[in-house]
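The values are calculated or read from the model by the stated rules, or taken from the named source; none is laboratory data. On a predicted model such as this, the values are computed, not experimentally measured, just so you know. Ideal geometry is used to build each Cβ from the backbone, glycine not excepted, and the neighbour counts take in all protein chains shown. With ligands, DNA and RNA removed, areas are computed over all heavy atoms of the protein, side chains included. Shrake-Rupley method; radii C 1.70, N 1.55, O 1.52, S 1.80 Å.
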Amino acid sequence: AGSGSARLLTLQIEEDAHHELIEASVLHLQNNLLQRPVRGHCILMIDAVGIKTAAIAIVDAQGDVVATSEIPCNSSKPDIVSQNMSLLGQLVHQPRVTLISLSNGPARRYVMPAVVELLKQSTPGSLYWTLVDRSGCAAYTPSRTSLVELPRISRRHRAAVWLAWRLQDPLRQILKVDPARLRLGSYQRELPQAELEHALQESVSATITIACVDVLSAD
């Protein structure tokens, strides 16, 4: 009897924990979907992943891709930092970039020093920077949607473009990705998947209602 009661208690604790973690995942998704859009900026997006170089995409305020490039991301030596700052300076001034954004990839620590130096040398108020979460990026880039939207751009640069778009319109861009493929927590794969998927879909519906999306014009 004692072992049976202990097992029931364990099952109840696991069920309660799953419920709490699913609620945390739902809240995380809602916070991502309802992030304030970044308007009016020409964005230079650095997707800070890669062994030797990170992909760069420049996206104007209307969401059009202006240019793509690469930046070394495997060293923080002074000469590399100086080289990167010079490269970023050239990219920033040609299309009048006003916002530099880095993804939260592991290579950001090698790119950030160059961004910092560039900001120091820029006219105050002319250039800003921010970070963006890569969650959902790996799911978008190989998708049919990305191939239709960006057919002539490599997968690495499609990731950078999508991240810039995500800043400009978080709700629309994140909804292109299956919520189950967003990184909503390290525990996500350990939860009951059917229950989690149902909760996330409910969350998406509720968030669209909160955001007042025009269903007659939305894609």
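The residues listed here are I22, I58; of these, the one that is under 18 Å from R158 (Cβ atoms), among the β-branched types (V, I, T) and either open to solvent by less than 70 Å² (accessible area, probe 1.4 Å) or outside any strand (DSSP E or B) (or both) is I58.
Check segment 146-157 and report whether any residue there is surrounded by 15 or more Cβ atoms within 10 Å (Cβ to Cβ), closer than 22 Å to A61 by Cα and β-branched (V, I, T). Yes, because at least one residue in segment 146-157 is surrounded by 15 or more Cβ atoms within 10 Å (Cβ to Cβ), closer than 22 Å to A61 by Cα and β-branched (V, I, T).
Name the single residue that is farthest from G40 (Cα to Cα) among those in segment 62-100 being assigned to a loop (DSSP other than H, G, I, E, B) and hydrophobic (A, V, I, L, M, F, W, C).
Step by step, filter segment 62-100, then rank; the result is C73.
Residues in segment 61-73 that are more than 16 Å from the chain's Cα centre (by Cα) and either under 10 Å from A160 (Cα atoms) or open to solvent by less than 70 Å² (accessible area, probe 1.4 Å) (or both): A61, V65, A67, T68, S69, E70, I71, P72, C73.
In segment 74-84 there is at least one residue that is under 23 Å from the mean Cα position of the chain (by Cα), open to solvent by less than 40 Å² (accessible area, probe 1.4 Å) and at pLDDT 90 or above.
Quick check on H93: is it closer than 29 Å to D169 by Cβ, surrounded by 18 or more Cβ atoms within 10 Å (Cβ to Cβ) and modelled with pLDDT of 80 or more? Can you show your working first?
Values: closer than 29 Å to D169 by Cβ: yes; surrounded by 18 or more Cβ atoms within 10 Å (Cβ to Cβ): no; modelled with pLDDT of 80 or more: yes.
No, not satisfied.
Of all residues in segment 180-207, those that are modelled with pLDDT under 75 and either open to solvent by 20 Å² or more (accessible area, probe 1.4 Å) or in contact with a strand residue (DSSP E or B) (Cβ under 8 Å, 6 or more places away or on another chain) (or both) total 9. Reported count of residues in segment 96-129, each being open to solvent by 90 Å² or more (accessible area, probe 1.4 Å), under 26 Å from Q62 (Cβ atoms) and within 17 Å of the chain's Cα centre (by Cα), is 1. Pairing each residue of segment 99-127 that is charged (D, E, K, R) with any residue that is crowded, with 20+ Cβ neighbours inside 10 Å, provided the two are 6+ apart or on different chains, yields C-beta distances under 8 Å for R108/I46; R108/A48; R108/L102; E117/V81. The set of residues from segment 16-61 being in contact with a Pro (Cβ under 9 Å, 6 or more places away or on another chain) and of a type in the set (D, E) comprises just one member, D60.
The set of residues in segment 28-52 that are surrounded by 15 or more Cβ atoms within 10 Å (Cβ to Cβ) and more than 22 Å from T209 (Cβ to Cβ) comprises V38, H41, C42, I43, L44, M45, I46, D47, A48, V49, G50. Does S143 count as open to solvent by less than 20 Å² (accessible area, probe 1.4 Å) and polar (S, T, N, Q)? No: the conditions fail for S143.
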